[in-house]
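Read the structure below first, then the notes.
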Amino acid sequence: MSVETGYDQWAATYDEVANPTRDLEKEACETMLQDRVGGTVLELGGGTGKNTGWLAERCERLVSADLSREMQAVARAKVTAANVEFRIGDVRENWQFGTGFDLITCSLILEHVEDLGHIFREAANALKPAGLFYVCELHPFKQYAGSKARFEFEGSEKVLECYRHHVTDYTKAAAATGFAVEDISEWFDGGDRAELPRLIAFLFRNEE
Ligand SMILES: C[S@@+](CC[C@H](N)C(=O)[O-])C[C@H]1O[C@@H](n2cnc3c(N)ncnc32)[C@H](O)[C@@H]1O
């Protein structure tokens, strides 16, 4: 099953079913970006709009892009702010989302993208100088332990195609495209640092 078909199927229940990864990412996003959102923002893989409204309230213009029409349909119904423009697009292809962004956000999408280098090259082109690139993903430690994006559909479990990215895959792809690391943080269920971290979040700055 393609990632697009998978998320089209998941869309109806994505917001409803218990999902600690989704919920913890919202906390990570709002914490790491609390003073950093403004100007024009590009949200990659905006999904059902979990972060879209929060971002839109803090910036002048937001472009929210996703591969899945069904996921985005939920976001469109939820977020009706006039400064939000929804686009259908695949981040694995050449981006047609515009340029000159102050901030790009990417929450829980890169586990479905094999080529991180492409993403960082496109992000560098789309950002202003000194623009920020926020990336938050399932922690690779969780991936090593077997975690993958999965959901129930019509009585059976569906597991989506996922790629494993190590911490240095992100930092090396970022460095190769002229990004500096401004922040890295790890996010734990219930803040319990004795367990495996669930998420890793990066804030990169475009130095080009
Ligand atoms: C786990 S959901 C995360 C949605 C939202 N960012 C959040 O944190 O709740 C992943 C989203 O990424 C989108 N996605 C996956 N691969 C994509 C691609 N190649 N291009 C654009 N969007 C993609 C999916 O359609 C889905 O909406």
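The values are calculated or read from the model by the stated rules, or taken from the named source; none is laboratory data. For clarity, every value in this text was computed on a predicted model and none was experimentally measured. Glycine gets a Cβ as well: all are built from the backbone with ideal geometry, and neighbour counts include every protein chain shown. To get the accessible areas, we keep the full protein, side chains included, count just its heavy atoms, and leave off ligands, DNA and RNA. Shrake-Rupley method; radii C 1.70, N 1.55, O 1.52, S 1.80 Å.
The figures follow:
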{"read-out": "Evaluation of E122 against (1) over 27 Å from Y7 (Cα atoms); (2) in a helix (DSSP H, G or I); (3) within 17 Å of the chain's Cα centre (by Cα) (one fails), failing number", "value": "(1)"}
{"read-out": "Some residue of the range 130-146 being over 21 Å from E27 (Cβ atoms) and within 16 Å of the ligand (Cβ to nearest atom)", "value": "no"}
{"read-out": "Filter result for A77 (assigned to a loop (DSSP other than H, G, I, E, B), without any contact (Cβ under 8 Å) to a residue 40 or more places away in the chain and open to solvent by 60 Å² or more (accessible area, probe 1.4 Å))", "value": "no"}
{"read-out": "Counted residues, the range 155-184 - those being closer than 24 Å to E208 by Cβ and outside any helix (DSSP H, G or I)", "value": "9"}
{"read-out": "Pairs with Cβ under 7 Å, 6+ apart, first in the range 1-24 and over 17 Å from V91 (Cα atoms) and in contact (Cβ under 8 Å) with a residue 12 or more places away in the chain, second of a type in the set (K, R) and crowded, with 18+ Cβ neighbours inside 10 Å", "value": "P20/R198; T21/R198; R22/K50; L24/R198"}
{"read-out": "Search result, residues across the range 185-208 that are under 24 Å from N19 (Cα atoms) and assigned to a loop (DSSP other than H, G, I, E, B)", "value": "F188, D192, R193, A194, E195, L196, P197, R198"}
{"read-out": "Among the candidates E70, E30, E111, E43, residue that is of a type in the set (D, E), outside any loop (DSSP other than H, G, I, E, B) and within 22 Å of T168 (Cβ to Cβ)", "value": "E111"}
{"read-out": "Subset of the range 10-24 [within 11 Å of the ligand (Cβ to nearest atom) and either within 21 Å of A73 (Cα to Cα) or open to solvent by 50 Å² or more (accessible area, probe 1.4 Å) (or both)]", "value": "W10, A11, Y14, D15, N19, R22, D23"}
{"read-out": "Qualifying residue in the range 84-91 (condition: among the basic types (K, R), assigned to a loop (DSSP other than H, G, I, E, B) and in contact (Cβ under 8 Å) with a residue 12 or more places away in the chain)", "value": "no"}
{"read-out": "Test: residue in the range 88-110 that is within 30 Å of E157 (Cα to Cα) and aromatic (F, W, Y)", "value": "no"}
{"read-out": "Total residues in the range 46-72, condition open to solvent by 20 Å² or more (accessible area, probe 1.4 Å) and in contact (Cβ under 8 Å) with a residue 60 or more places away in the chain", "value": "3"}
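For (1) at positive phi; (2) out of contact with any helix residue (DSSP H, G or I) (no Cβ under 9 Å at 6 or more places or on another chain); (3) more than 8 Å from the ligand (Cβ to nearest atom); (4) among the hydroxyl-bearing types (S, T, Y), each residue gets a yes or a no:
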residue: T31; (1), (2), (3), (4): no, yes, yes, yes
residue: L44; (1), (2), (3), (4): no, no, no, no
residue: G47; (1), (2), (3), (4): yes, no, no, no
residue: W54; (1), (2), (3), (4): no, no, yes, no
residue: A65; (1), (2), (3), (4): no, no, no, no
residue: S68; (1), (2), (3), (4): no, no, no, yes
residue: A73; (1), (2), (3), (4): no, no, yes, no
